[in-house]
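Here is the structure we will look at, set down as structure tokens.
No lab work stands behind these numbers, since they all come straight from the coordinates. Every value quoted in this text rests on a predicted model; they were computed, and no experiment measured them. Here Cβ is always computed from backbone atoms with ideal geometry, including for glycine, and neighbour counts include all displayed protein chains.
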Amino acid sequence: MKPLEGKIALVTGASRGVGKGIALGLGEAGATVYVSGRTEQEGRAALPLPGTIHQTAEEVTAHGGRGIAVPCDHTDDEQTRAVLEQIARAQNGRLDVLVNNIWGGYAHFNDGTEFWKEAGFWDAPLARWDTMFAAGVRAHYVCSALAAPLMIARRAGLIVTVSFHAAQKPDMGVAYGAAKAADDHMAACMAHELRPHNVAAVSLYPGLVRTESVMKAAEHFDLSDSESPQFTGRAVAALAADPNVMSKSGRVFVNADLADEYGFDDVDGKRPTSSRFTLS
């Protein structure tokens, strides 16, 4: 039996990138995965990148789970509510894992690399702050608030918020760093309030991930110690399968550290080096 067989998960923003990798990792572990996002048709994404929620759902099933595509713009609270209500109806009120991965703020880039031309935050579009908080932090908060009652009712569940080292480093952009720091603190506060209900909440930091957007700008990156998107999925699956996950609630984790703890590798059989040393 696979470790997450019978478990129900929702991964937001899973048409491509890290979200898709998380969905595949959960599917690989046997979970039923609801794959939410805006892209339903190839070529209709906000950025010129491949992938749709339907393709991801099909791949989840091919990896051994059950993928279910659910269209949703998570900046619209009512669309998010509809997704959680759909899951509750179909799964008898059950949701075991929520992964807050949806993100925004880069839709203005024409070729995926224009941020390299910015001298600092004064050069960036002012709307980036609003978009990163609306399509990131706020969307994570709303989805968590709507998912929590399902988990509280069963006294079991895990909320994972995908964050990044920018939360603790000053050199990764003002809006991005502030939004990721907000995500981390929000997860810690949620963990505090959820602890009496036996529901865990954590932040998770990937390393350098070979997403479609990163590979499009590959000449700007040293990919020698990079991760596949599915590596993050294996980290989430390991947390979700841990019977003692409550002992981790409220904390920040790095993919590679979890790989060392739980003993999983990336899809190529390698285990990237932990980037924990970069944290302050």
message: For K2, give me every one of the lysines with a C-alpha distance below 21 angstrom, ignoring sequence neighbours fewer than eight places off in its own chain.
response: K20
query: What ranking do 97-103, 26-32 get when scored by the average of other Cβ atoms within 10 Å per residue, highest first?
result: 97-103, 26-32
- prompt: Say a paramagnetic label sat at a point 7 Å from the Cα of A62, along Cα to Cβ; which residues of the stretch 1-28 have their backbone N under 16 Å from it?
  reply: 15-17, 20-28
query: Helix 53-62 sits at what angle to the longest principal axis of the chain, using alpha carbons and giving 0 to 90 degrees rounded to 10?
result: 50
message: Using amide H atoms built in the peptide plane, which far-off residues or other-chain residues are under 5 Å from V254 H to H?
response: Y205
task: Note the full-extension length gain between A145 and R89 as 0.36 nm times their separation in residues minus their Cα-Cα distance, in nm to one decimal.
output: 18.4 nm
statement: Scalar couplings 3J(HN,Hα) for the stretch 88-99 by Karplus 6.51 cos²θ - 1.76 cosθ + 1.60 (θ = phi - 60°), nearest whole Hz, x for Gly and Pro, are 4, 5, 6, 10, 6, x, 9, 8, 8, 9, 10, 10
query: Once you treat every alpha carbon in the chain as an equal point and sum by Debye, what is log10 I(q)/I(0) at q = 0.08, 0.10, 0.13, 0.17 Å⁻¹?
result: -0.29, -0.46, -0.81, -1.52
- prompt: Roughly speaking, what is the stretch gain from L208 to A181, that is 0.36 nm per residue apart minus the C-alpha to C-alpha distance, in nm to one decimal?
  reply: 7.9 nm
query: Spin-label point model (7 Å from Cα, Cβ direction): what's the E193 to V174 distance in nm?
result: 3.0
For R128, R210, order by how many other beta-carbon atoms lie within 10 Å, fewest first: R210, R128
- prompt: Taking neighbour Cβ counts within 10 Å as the exposure measure, how do S163, S36 sort from fewest upward?
  reply: S163, S36
task: Mind pulling the angle between the C-alpha long axis of helix 229-241 and the longest principal axis of the chain? Nearest 10 degrees, somewhere in 0 to 90.
output: 30
Between 0 and 90°, nearest 10: helix 17-28 axis offset from the chain longest Cα axis: 30
message: Between the stretch 7-79 and the stretch 185-218, what is the separation of their alpha carbon centroids in Å?
response: 17
message: Cut-off under 20 Å on the C-alpha distance; same-chain residues fewer than 8 positions from K248 excluded. Which lysines are left, in chain and number order?
response: K7, K180
Taking F133, F164, F121, F231 and counting other C-beta atoms within 10 Å, the order from fewest to most: F121, F133, F164, F231
